[in-house]
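S.K.: Sharing a structure below in C-alpha cells format, with a few things to ask.
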Amino acid sequence: MGVDTRLYINNSWSVEDIKDVIGKRFEVPVTLKFHDWSPDYIQMILTLPGTKEARALNIFTKNAIGGLPATLLSLHHDSYSIGFLRVLAETFGGFFQEQDYEEVFEAFSKPGEGNIDFIVKQAIKDEPKLADDDKAMVTYIAEEKWRDNATWHKGSKK
C-alpha cells in the first residue's frame, strides 16, 4: 500500500491549464509525460518548492469523487507534497486528501464561487446576449449593473 497525498479538482480544468497555473504560480518549469498504455494518465515532471529533485505529479483525468467527475492530482506523501497540493486546492478548489489510506477530505471552494459565478449568472439572466460578448460583460461587471436588480443590496460604490 502506497501513501499519497491527493487533490480532486473539477474536470473542467485541462491538463494544459494545470500545467500553466503550476508554472506561473510556483515559477518552476513543468514538462508533461504521456503514456500510450494509459491515455488518461499523465505525469507532470517538476521540482516542488523547497526541494531540489524532480518529482512526478500524477494526473488521472478520468476520475470521480462522490459520484462527481474529477481530475485527480497525486503526489507521494511528504510535507512538500502536502504544502504544494494545498496551494493548488486553494487555487482550483476541490477535495484535498492528505493521506490516501484515510477517508478524510478537506473541501476547498472553487475561486469565485458564490461571487463571480453569481454576477455572471445574473448578467446572463438580465441580458442573455452578454454570454456572447466579452467586452459588454466586462462593462456590465465594472459598472455593477447586477445591483440594478431590486432584490440586490444597493450599497455605496467606493
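S.K.: In this structure, is residue 108 under 21 Å from residue 90 (Cα atoms), buried (at least 16 other Cβ atoms within 10 Å of the Cβ) and of a type outside the set (S, T, N, Q)?
M.R.: On the way: under 21 Å from residue 90 (Cα atoms): yes; buried (at least 16 other Cβ atoms within 10 Å of the Cβ): yes; of a type outside the set (S, T, N, Q): yes.
It is true that residue 108 is under 21 Å from residue 90 (Cα atoms), buried (at least 16 other Cβ atoms within 10 Å of the Cβ) and of a type outside the set (S, T, N, Q).
S.K.: A follow-up question, please. Out of 115, 63, I need the residue that is at negative phi and loosely packed, with under 15 Cβ neighbours inside 10 Å. Which one?
M.R.: Values: 63 fails: loosely packed, with under 15 Cβ neighbours inside 10 Å.
Of the residues listed, the single one that is at negative phi and loosely packed, with under 15 Cβ neighbours inside 10 Å is 115.
S.K.: Determine, yes or no, whether residue 81 is touching a strand residue (DSSP E or B) at 6+ places or on another chain (Cβ under 8 Å), among the polar types (S, T, N, Q) and assigned to a strand (DSSP E or B). Walk me through it before giving the result.
M.R.: Values: touching a strand residue (DSSP E or B) at 6+ places or on another chain (Cβ under 8 Å): yes; among the polar types (S, T, N, Q): yes; assigned to a strand (DSSP E or B): no.
In short, no.
S.K.: What are the pairs with Cβ atoms under 6 angstrom where one residue, in region 6-28, is closer than 15 Å to residue 109 by Cα and the other, located anywhere, is surrounded by fewer than 15 Cβ atoms within 10 Å (Cβ to Cβ)? Sequence gap at least six, or different chains.
M.R.: Partner pairs satisfying both residue conditions: 11/69.
S.K.: From the list 54, 64, 89, 107, pick out the single residue that is of a type outside the set (Asp, Glu), under 30 Å from residue 141 (Cβ atoms) and without any contact (Cβ under 8 Å) to a residue 60 or more places away in the chain. Give the steps one after another, and end with the answer.
M.R.: On the way: 54 fails: under 30 Å from residue 141 (Cβ atoms); 64 fails: under 30 Å from residue 141 (Cβ atoms); 89 fails: without any contact (Cβ under 8 Å) to a residue 60 or more places away in the chain.
Exactly one of 54, 64, 89, 107 is of a type outside the set (Asp, Glu), under 30 Å from residue 141 (Cβ atoms) and without any contact (Cβ under 8 Å) to a residue 60 or more places away in the chain, namely 107.
S.K.: Might you let me know whether region 135-150 holds any residue that is within 15 Å of residue 72 (Cα to Cα), at pLDDT 80 or above, outside any loop (DSSP other than H, G, I, E, B) and of a type in the set (Gly, Ala, Ser)?
M.R.: Taking region 135-150 and keeping what is within 15 Å of residue 72 (Cα to Cα), we get none.
No, every residue in region 135-150 fails to be within 15 Å of residue 72 (Cα to Cα), at pLDDT 80 or above, outside any loop (DSSP other than H, G, I, E, B) and of a type in the set (Gly, Ala, Ser).
S.K.: Looking at 127, 102, 106, which one is within 30 Å of residue 41 (Cβ to Cβ) and at pLDDT below 90?
M.R.: Values: 127 fails: within 30 Å of residue 41 (Cβ to Cβ); 106 fails: at pLDDT below 90.
Being within 30 Å of residue 41 (Cβ to Cβ) and at pLDDT below 90 holds for just one of 127, 102, 106, which is 102.
S.K.: Got a number for residues in region 84-99 being surrounded by 15 or more Cβ atoms within 10 Å (Cβ to Cβ) and not in a helix (DSSP H, G or I)?
M.R.: Final tally of qualifying residues: 6.
S.K.: Separate question: Return the residue satisfying two criteria in turn: it lies in region 110-132 and is out of contact with any strand residue (DSSP E or B) (no Cβ under 9 Å at 6 or more places or on another chain) and either small (Gly, Ala, Ser) or in contact (Cβ under 8 Å) with a residue 60 or more places away in the chain (or both), and of such residues it is nearest to residue 63 (Cα to Cα). Show your work before the answer.
M.R.: As a first pass, look at region 110-132 and keep what is out of contact with any strand residue (DSSP E or B) (no Cβ under 9 Å at 6 or more places or on another chain): 111-132.
Narrowing further to those that are either small (Gly, Ala, Ser) or in contact (Cβ under 8 Å) with a residue 60 or more places away in the chain (or both): 112, 114, 123, 131.
On the way: 112: 24, 114: 25, 123: 33, 131: 30 Å.
Residue satisfying both the conditions and the ranking: 112.
S.K.: Could you pull out the residue among 73, 7, 48, 57 that is surrounded by 16 or more Cβ atoms within 10 Å (Cβ to Cβ), at pLDDT 95 or above and over 14 Å from the mean Cα position of the chain (by Cα)? Explain how you work it out, then say what you get.
M.R.: Values: 73 fails: over 14 Å from the mean Cα position of the chain (by Cα); 7 fails: over 14 Å from the mean Cα position of the chain (by Cα); 48 fails: at pLDDT 95 or above.
After applying the criteria, what remains is 57.
The values are calculated or read from the model by the stated rules, or taken from the named source; none is laboratory data. Keep in mind the model is a prediction, meaning the values are calculated, not measured. Using ideal geometry, Cβ is built from the backbone for each residue, glycine included, and neighbour counts are taken over all protein chains shown.
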